[in-house]
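Student: One structure, pasted below without further comment.
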Amino acid sequence: MQERRARAPLAYSTGHRCETCRFRPECPDQTRCLHLVASAGNPGDTKQNYARLDGTFQRFPLGVRKIGRVAKSGEPMLLTDVRGNEEWIAEPKWTKRERVKTFAGQPLVFRGGVLGVLAIFDTTVLGQGDFDWLRVFADHSAVSIANARALEEIEFLKARLEEENAYLRQEVTAALGVGDFVGESFGLRKVMQQIQLVAPTDAAVLVTGESGTGKELVARAIHENSPRKGRALIKVNCGAVPETLFESEFFGHVRGAFTGAMKDRPGKFELADGGTLLLDEIGEVPLPMQAKLLRVLQEQEIERVGDTRVRKISVRIIAATNRDLKKEVEAGRFRQDLF
């Protein structure tokens with residue numbers, strides 16, 4: 001089997017990048033697609049780089065084209081004697097230039113579920129024996145991928161527990177001697193009424209006031225009186241996070257995503273999954289990060305720095321600030337839609 005062009009889109013994802021997908025007109029609902037995670041080949045055109053993962057065919061919606069159909073059906077596909085003018089070929093000029101003779105696609109199946117597709121464009125005509133060996137390779141690959149994902153999940157849960165434990169230890173230390181609200185003033189009673197009104201809901205809450213007026217205490221009272229009280233209340237001080245680390249702090253990162261990223265690390269949104277995230281001093285979040293924060297709040301999905309996997313989350317947001325966000329919006333320092 002010589003000079004084959006192989007691509008293996010393995011990872012399922014939701015359609016959050018649909019605007020840039022060349023197959024969007026063919027995609028039925030923009031909900032699930034395959035992302036290219038491994039690619040290799042021996043090109044006739046030495047200027048071509050088949051190891052790239054960000055090319056034209058980096059995504060295939062489920063059910064679209066040959067690779068998408070293999071993923072959706074879970075059935076293998078072997079097409080030989082390719083001429084280059086077939087209707088299903090997306091790039092006829094490339095197919096003819098590279099003298100492709102065969103397309104072979106094997107689903108990566110583990111315990112009845114399709115993890116992805118192993119697809120090959122070959123310059124020779126593959127026989128059934130070759131196709132059967134490709135099935136064996138696909139089966140072994142599927143098991144390896146499933147094991148790697150299980151190990152990744154274990155490492156994530158371990159890191160999450162470590163982060164939660166460290167955070168909770170800090171919270172216990174900071175909370176010693178604080179206790180509940182104490183007082184009978186009209187203002188305090190009004191605040192308590194508002195807490196009781198909003199706490200049972202999942203609505204995002206903005207707590208405003210000068211520094212030292214108990215904004216964090218209000219956030220904690222809302223969380224403790226909500227259906228999410230069984231999970232953690234995670235706090236992040238937006239004013240203390242360096243601008244270059246905002247995305248990693250909020251969404252986490254994978255090992256090797258940047259210098260110093262020695263292991264996978266969940267972000268504050270993942271730690272708060274199922275619970276509440278307190279964004280203290282939210283007025284300090286830089287504008288570029290505000291756009292990403294808005295998308296997460298709308299979609300309840302995150303993507304770690306350096307990762308292509310999209311993770312669904314369920315997080316309630318409580319934001320706190322001592323700034324007048326209306327004036328910040330007017331001054332162009334805070335997004336109107338996020339406010």
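The values are calculated or read from the model by the stated rules, or taken from the named source; none is laboratory data. The structure presented is a predicted model; accordingly, all values stated were derived computationally and were not measured. Cβ: placed from backbone, ideal geometry, glycine included. Neighbour counts: every protein chain shown.
Student: Out of (1) modelled with pLDDT of 85 or more; (2) in contact with a His (Cβ under 7 Å, 6 or more places away or on another chain); (3) not aliphatic (A, V, I, L, M), the odd one out for ASP273 is which?
Tutor: Unmet condition: (2).
Student: Restricting to region 203-253, what's the tally of residues that are among the small types (Gly, Ala, Ser) and part of a loop (DSSP other than H, G, I, E, B)?
Tutor: Going through region 203-253, the residues among the small types (Gly, Ala, Ser) turn out to be 203-204, 209, 211-212, 214, 219, 221, 226, 230, 232, 239-240, 248, 252.
Among the residues that remain, those that are also part of a loop (DSSP other than H, G, I, E, B) are: 203-204, 209, 211-212, 214, 226, 230, 232.
Going through region 203-253 one residue at a time, the tally reaches 9.
Student: Scan region 276-283 and give yes if some residue there is of a type outside the set (Phe, Trp, Tyr) and either farther than 25 Å from VAL191 by Cα or surrounded by fewer than 13 Cβ atoms within 10 Å (Cβ to Cβ) (or both), otherwise no.
Tutor: First, the residues of region 276-283 that are of a type outside the set (Phe, Trp, Tyr): 276-283.
Add one more test, that the residue is either farther than 25 Å from VAL191 by Cα or surrounded by fewer than 13 Cβ atoms within 10 Å (Cβ to Cβ) (or both), and what stays is none.
So far as region 276-283 goes, no, none of its residues is of a type outside the set (Phe, Trp, Tyr) and either farther than 25 Å from VAL191 by Cα or surrounded by fewer than 13 Cβ atoms within 10 Å (Cβ to Cβ) (or both).
Student: What tally of residues in region 287-321 results from selecting those that are touching a strand residue (DSSP E or B) at 6+ places or on another chain (Cβ under 7 Å) and among the acidic types (Asp, Glu)? Explain how you work it out, then say what you get.
Tutor: Filtering region 287-321 for residues touching a strand residue (DSSP E or B) at 6+ places or on another chain (Cβ under 7 Å) gives 296-297, 300-306, 308-313, 315-321.
Narrowing the set further to residues that are among the acidic types (Asp, Glu) leaves 301, 303.
Of the residues in region 287-321, 2 are touching a strand residue (DSSP E or B) at 6+ places or on another chain (Cβ under 7 Å) and among the acidic types (Asp, Glu).
Student: Still on this model: Which residues, taken from region 108-119, are of a type outside the set (Phe, Trp, Tyr), touching a residue at least 12 places away in the same chain (Cβ under 8 Å), in a strand (DSSP E or B) and surrounded by fewer than 24 Cβ atoms within 10 Å (Cβ to Cβ)?
Tutor: Initial filter on region 108-119 (of a type outside the set (Phe, Trp, Tyr)): 108-109, 111-119.
If we keep only those that are touching a residue at least 12 places away in the same chain (Cβ under 8 Å) too, we end up with 108-109, 111, 114-119.
Those still in the list that are in a strand (DSSP E or B) too: 108-109, 114-119.
Residues satisfying the conditions are VAL109, VAL114, LEU115.
Student: Hey, among the residues in region 311-338 that are more than 28 Å from the chain's Cα centre (by Cα) and outside any helix (DSSP H, G or I), which one's farthest from GLU153 (Cα to Cα)? Explain how you work it out, then say what you get.
Tutor: Initially, region 311-338 is screened for residues more than 28 Å from the chain's Cα centre (by Cα), giving 322-332.
Now restrict to residues that are outside any helix (DSSP H, G or I): 322-324, 331-332.
Working: ASN322: 38, ARG323: 39, ASP324: 41, ALA331: 43, GLY332: 41 Å.
For region 311-338, the residue satisfying everything is ALA331.
Student: Also, quick follow-up: Could you check region 259-294 and list, in sequence order, the residues that are touching an Asp or Glu at 6+ places or on another chain (Cβ under 8 Å), within 20 Å of GLU328 (Cβ to Cβ) and not in a strand (DSSP E or B)?
Tutor: Hits for region 259-294 are GLY283, PRO286, MET289, LYS292, LEU294.
Student: For region 23-34, state whether one or more residues are closer than 23 Å to PHE131 by Cα and either within 24 Å of the chain's Cα centre (by Cα) or assigned to a loop (DSSP other than H, G, I, E, B) (or both). Even if it seems obvious, please write down each step before you answer.
Tutor: Taking region 23-34 first, the residues closer than 23 Å to PHE131 by Cα are 34.
Those left that are additionally either within 24 Å of the chain's Cα centre (by Cα) or assigned to a loop (DSSP other than H, G, I, E, B) (or both): 34.
The answer is yes, given that some residue of region 23-34 is closer than 23 Å to PHE131 by Cα and either within 24 Å of the chain's Cα centre (by Cα) or assigned to a loop (DSSP other than H, G, I, E, B) (or both).
One line per residue, one yes/no per condition, for (1) of a type outside the set (Val, Ile, Thr); (2) in contact with a His (Cβ under 8 Å, 6 or more places away or on another chain); (3) closer than 25 Å to ARG309 by Cβ; (4) modelled with pLDDT of 85 or more:
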| residue | (1), (2), (3), (4) |
| --- | --- |
| VAL198 | no, no, no, yes |
| ILE222 | no, no, no, yes |
| THR244 | no, no, yes, no |
| ARG255 | yes, no, yes, no |
| PRO266 | yes, no, yes, no |
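Student: When both residues are 6+ apart or on different chains and their Cβ atoms are under 6 Å apart, which pairs have a first residue that lies in region 312-324 and is exposed (fewer than 15 other Cβ atoms within 10 Å of the Cβ), and a second that is part of a strand (DSSP E or B) and not basic (Lys, Arg)?
Tutor: LYS312/GLU301
Student: While we're on this one: Residue check: is ASP54 modelled with pLDDT under 75 and either in the same structural domain as VAL136 (by TED's automatic domain parsing) or over 31 Å from the mean Cα position of the chain (by Cα) (or both)?
Tutor: Values: modelled with pLDDT under 75: yes; either in the same structural domain as VAL136 (by TED's automatic domain parsing) or over 31 Å from the mean Cα position of the chain (by Cα) (or both): yes.
Taking the combined requirement at face value, the residue satisfies it.
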